[in-house]
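Report on the structure given below.
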Amino acid sequence: MVEGCAILSVINYYFYKGDSMTKLEVLNLLEENKNDRGISNWDEMEFPKCHYKSFGIGLTQLRKLAKKVGKNHDLAMELWDSEYYDAKVISILIDDPKLITLKQMEKQVKDIDFGFMVHVFSACGAPVTKLSSIDKIAAEWVESSDSIKRRCAYGFLYELSKSKKKSAPNDDYFLKHINHMDNIYASEDKSVYMSIGAALMGIGKRNAKLNQAAIKVAKTIGSIPVESGKTKCEPFNVLKHLTSDALIKKLGL
């Protein structure tokens, strides 16, 4: 009986080990998955005010590794203080929305202007976007004098535009932001353009009313140049997305 319990304990240890990884274990996991080509590319890029090192791991792979690590707010806070970019990305991805505070967000947003950090922090299912107050934070940050905050705010708006929850903002909320984009775009910092374009596209796909309002602004904005290091990318055409045959059919236009 004792032997059976011992075996069960060993099985439980390895089964639950992923839920209680330490900072060192996560760093070892990143080391095991390092990408030499990615490291080389990282070293060639120039990110303002960035003094972090990288294991050269792509974002898709980092998302997979984050799932292995599991949600853990305390661990996320430890990883945030790492000297590695990849560890900071994992930190963002494994954080618990129920435990994230505005004070934490204010601290982190000061340190994400490099790599895909803004994107990871504010869009594509980012934990902070699941805060119940994210609509209010977005409305506040779009008015910020900090361009990084504004980029994040539009990321939040993009995420909100996809929400089907009853608690999601109403049309008036989104129309207000469409008008804001229209008013500030010409004088906005170019680094914010892509975030604005994504938010406008997301909102314009929400329903027919918002689609028509977004199209008017998209026509004014035109195609947005895409800067992606050495890779040449086609300009981001928001209007094309908002007038696609599939969307027109979906919205009944």
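Inspect segment 196-209 for any residue being exposed (fewer than 14 other Cβ atoms within 10 Å of the Cβ), within 23 Å of K176 (Cβ to Cβ), over 19 Å from the mean Cα position of the chain (by Cα) and not aliphatic (A, V, I, L, M) and give the result as yes or no.
Yes, segment 196-209 contains a residue that is exposed (fewer than 14 other Cβ atoms within 10 Å of the Cβ), within 23 Å of K176 (Cβ to Cβ), over 19 Å from the mean Cα position of the chain (by Cα) and not aliphatic (A, V, I, L, M).
Given the conditions (1) surrounded by fewer than 10 Cβ atoms within 10 Å (Cβ to Cβ); (2) modelled with pLDDT of 85 or more; (3) of a type in the set (A, V, I, L, M, F, W, C), and given that V2 satisfies all but one, which numbered condition is not satisfied?
All conditions pass for V2, except number (2).
State whether one or more residues within segment 168-185 are small (G, A, S) and over 19 Å from F236 (Cα atoms).
First pass over segment 168-185, keeping only residues small (G, A, S): 168.
Okay, now just the ones that are also over 19 Å from F236 (Cα atoms), so 168.
Yes - at least one qualifying residue is present in segment 168-185.
Condition check ((1) touching a residue at least 12 places away in the same chain (Cβ under 8 Å); (2) assigned to a helix (DSSP H, G or I); (3) surrounded by 15 or more Cβ atoms within 10 Å (Cβ to Cβ); (4) on the phi > 0 side of the Ramachandran plot) across all residues:
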| site | (1), (2), (3), (4) |
| --- | --- |
| Q108 | yes, yes, yes, no |
| D113 | yes, no, yes, no |
| K149 | yes, yes, yes, no |
| C152 | yes, yes, yes, no |
| K165 | no, no, no, no |
| P169 | yes, no, yes, no |
| F174 | yes, yes, yes, no |
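Only residues that are among the polar types (S, T, N, Q) and more than 22 Å from G38 (Cβ to Cβ): list them for segment 80-104, please. Please lay out each step first, then the result.
The initial filter retains those residues of segment 80-104 that are among the polar types (S, T, N, Q), namely 82, 91, 101, 104.
Matches in segment 80-104: T101, Q104.
I100: surrounded by 22 or more Cβ atoms within 10 Å (Cβ to Cβ), assigned by TED's automatic domain parsing to the domain that holds G70 and of a type in the set (A, V, I, L, M), yes or no?
Spelling it out, it is not the case that I100 is surrounded by 22 or more Cβ atoms within 10 Å (Cβ to Cβ), assigned by TED's automatic domain parsing to the domain that holds G70 and of a type in the set (A, V, I, L, M).
If you scan segment 5-21, which residues turn out to be at pLDDT 65 or above and under 24 Å from the mean Cα position of the chain (by Cα)?
M21
Which of (1) of a type outside the set (V, I, T); (2) surrounded by 12 or more Cβ atoms within 10 Å (Cβ to Cβ); (3) free of Cβ contacts under 8 Å to residues at least 40 places away in the same chain does E234 not meet, given it meets every other one?
(2)
The values are calculated or read from the model by the stated rules, or taken from the named source; none is laboratory data. Quick caveat, the model's predicted, so the values are computed rather than measured. No Cβ is skipped: glycine too gets one built from the backbone with ideal geometry, and neighbour counts run over all protein chains shown.
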